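The structure appears right after this line, and notes come after that.
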Amino acid sequence: MAWKIPLSDIAMGSEEDEAVRDVLQSRWLSMGPVTKEFETAFARYLGVKHAFAVSNGTAALHIAHAVFGIGAGDEVITPSLTFVATANSVLYCGARPVFADIGGVDDLNVSWEEIEGKISEKTRAITVVHYGGYACDMRPIMEIARDHDLRVVEDTAHAVGATCGGQMCGAIGDIGCFSFFANKNLATGEGGMIVTDDDLLAEKIQTMRSHGMTTLTWDRHRGHSSSYDVVDLGYNYRMCEIPSALGIVQLRRLEQNNERRRRIAARYWKALDGIEHITCPFTGRESGESSCHIFPVILSADLVRGDLQAALKERGIQTSVHYPPVHLFTYYQRLFGDTRGSLPKTEFIGEHEMTLPLYPGMTDDDVEYICTAIEEAVPG
Ligand SMILES: Cc1ncc(COP(=O)(O)O)c(C=O)c1O
């Protein structure tokens with residue numbers, strides 16, 4: 001379908017073309033110096049000691065839980081209002097994701113009070129998601145973690161460049177996990193980054209990313225070593241040079257692109273204000289703090305979401321839902337039984353949230369067009 005306004009679009013230009021061409025001409029494609037350069041630039045941007053590029057955000061989350069030694073019999077508290085990868089990465093380790101509810105219709109992030117209520121003697125970690133690029137309330141979450149000796153993973157897939165009380169999202173917990181999937185604020189097609197300030201964790205992350213091996217093909221190509229040992233069970237979660245080259249350029253564009261996203265979000269807030277049946281979450285926030293990854297709106301309970309989405313589709317506007325709650329998926333119900341009704345706020349959002357297009361290349365006229373289409377489609 002050719003949308004007049006798609007949900008998201010990449011923001012790339014000739015610099016990305018050149019960066020990819022340079023990699024091809026270098027004749028080295030697998031993890032090597034360009035990936036190292038991307039990691040160094042990313043660590044500097046976040047203000048962290050260590051950054052490791054990985055094949056995608058899910059791999060970053062898997063490694064994060066694995067390096068904490070989380071396994072069978074353990075529990076990790078996490079939101080259900082997220083992409084399934086957050087919870088799946090806990091399952092990959094043989095542990096159980098325990099879902100905590102969100103703050104409410106104005107705050108779609110997991111609530112620290114709900115987290116506190118879910119702690120048991122099996123809890124090992126809290127894995128938060130900065131929904132839509134809006135930071136979770138990290139201060140009480142870090143305090144709870146400290147009080148109960150729990151690790152904190154930040155799923156920062158939406159929040160590259162977002163801040164929380166002046167700190168960069170992803171650099172607050174023990175480990176931060178980023179996704180560079182094609183629709184993300186920093187896009188490389190597939191890709192991710194795992195960051196930490198902890199030297200011991202960093203060592204484990206580095207070996208786990210590459211089959212537990214002590215050297216890379218690149219090290220051997222440079223003659224720095226001729227063999228390797230395998231010191232742990234690891235995976236092939238390496239990033240390669242072409243996405244890393246894209247990542248370096250995308251990182252340089254990030255602040256500017258995030259600022260454009262914030263301006264678009266501000267226009268949406270203004271234009272949607274007063275339209276009956278529609279509310280916008282996170283309105284009380286400092287807009288400068290968010291990476292404005294997506295633009296969610298909440299429809300009143302009497303509005304049929306499918307009808308509104310169909311009316312917008314008629315006008316060439318793509319919409320989406322963030323998210324169908326993880327605990328309601330067939331697979332999760334099969335694993336943990338019928339848990340419907342257990343997270344009422346998350347379930348309400350799962351039924352009544354609609355995501356509008358948001359990407360740096362959108363024009364102010366696009367926002368106007370979308371908001372007028374909504375106003376005409378919803379009953380007055
Ligand atoms: C909140 C969240 N967590 C994790 C991921 C997984 O990232 P990836 O698709 O790079 O594996 C995504 C990707 O969409 C996401 O939105």
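FYI, it's all coordinate maths here, none of it is from the lab. All of these numbers come straight from a predicted model, not from anything done at the bench. Virtual Cβ from ideal backbone geometry, glycine too; neighbours counted across all protein chains shown.
Loop-resident trypsin sites (Lys or Arg not before Pro) (DSSP state other than H, G, I, E or B) in segment 230-269 with no more than 14 further Cβ atoms inside 10 Å of their Cβ are absent.
Based on Cα contacts under 8 Å between residues 6+ apart, the chain shows a relative contact order of 23 percent. Compared with the direct C-alpha span, the chain from Asn236 to Arg44 gains 66.6 nm at full extension, assuming 0.36 nm per residue.
With K and R counted +1 and D and E -1, the other residues having a Cβ less than 14 Å from that of Met168 yield a net charge of -2. For Ser300, Ser227, Ser210, the sequence from fewest to most other C-beta atoms within 10 Å is Ser227, Ser300, Ser210. Close amide-amide hydrogen proximity is noted between Arg238 and Ser55, each under 5 Å apart and 5 or more residues distant or on a separate chain (H modeled in the peptide plane; Pro and chain starts excluded). Taking other C-beta atoms within 10 Å as the exposure proxy, Phe180, Phe52, Phe348 rank Phe348, Phe52, Phe180 from fewest upward. Charge tally around Ala53: other residues with Cβ under 9 Å, Lys/Arg +1 each, Asp/Glu -1 each, net +2. When only C-alpha pairs under 8 Å and at least 6 residues apart count, what is the relative contact order of segment 119-202, in percent? Value for segment 119-202: 23 percent.
What dipole magnitude, in Debye to the nearest 20, does segment 17-76 give about its Cα centre under +1 on Lys/Arg Cβ and -1 on Asp/Glu Cβ? I would put it at about 200 debye.
When the Cα positions of Tyr131, Leu303, Asn88 are compared along the charge dipole of the chain, Asn88 comes out farthest toward the positive end, with charges on each C-beta of Lys, Arg, Asp and Glu. In the chain, the DSSP-assigned H stretches of four residues or longer account for a calculated mean residue ellipticity at 222 nm of -12500 deg cm²/dmol, using -39500 (n - 2.57) per stretch and the full residue count as denominator. Only Lys, Arg, Asp and Glu carry charge here, each on its Cβ (+1 for the first two, -1 for the last two); on that basis the chain has a dipole of about 940 debye about its Cα centre.
For segment 158-281, the Cβ-based charge dipole about the Cα centre amounts to some 700 debye (Lys, Arg positive; Asp, Glu negative; other atoms uncharged). For segment 254-377, the residue among Gly284, Leu343, Gln333 whose Cα projects farthest onto the positive side of the dipole built from Cβ charges is Gln333.
Summing charges over all other residues whose Cβ lies under 13 Å from the Cβ of Glu276, with Lys and Arg as +1 and Asp and Glu as -1, gives -4. Under 5 Å between amide hydrogens, built in the peptide plane, is the criterion, and for Thr214 it picks out Asp229, Val231 among residues at least 5 positions away or on other chains. As a length-normalised measure over Cα pairs under 8 Å and 6 or more apart, the relative contact order of segment 186-233 settles at 32 percent.
Dipole of segment 187-338 computed with +1 at Lys/Arg Cβ and -1 at Asp/Glu Cβ about the Cα centre; of Ile242, Ser227, Val195, farthest Cα towards the positive end is Ile242.
For the chain, just say rounded, prolate or oblate: build the C-alpha gyration tensor, square-root its eigenvalues into a ≥ b ≥ c, call rounded for a/c under 1.5, and beyond that prolate if a/b exceeds b/c, oblate if not. In terms of gyration-tensor shape, oblate.
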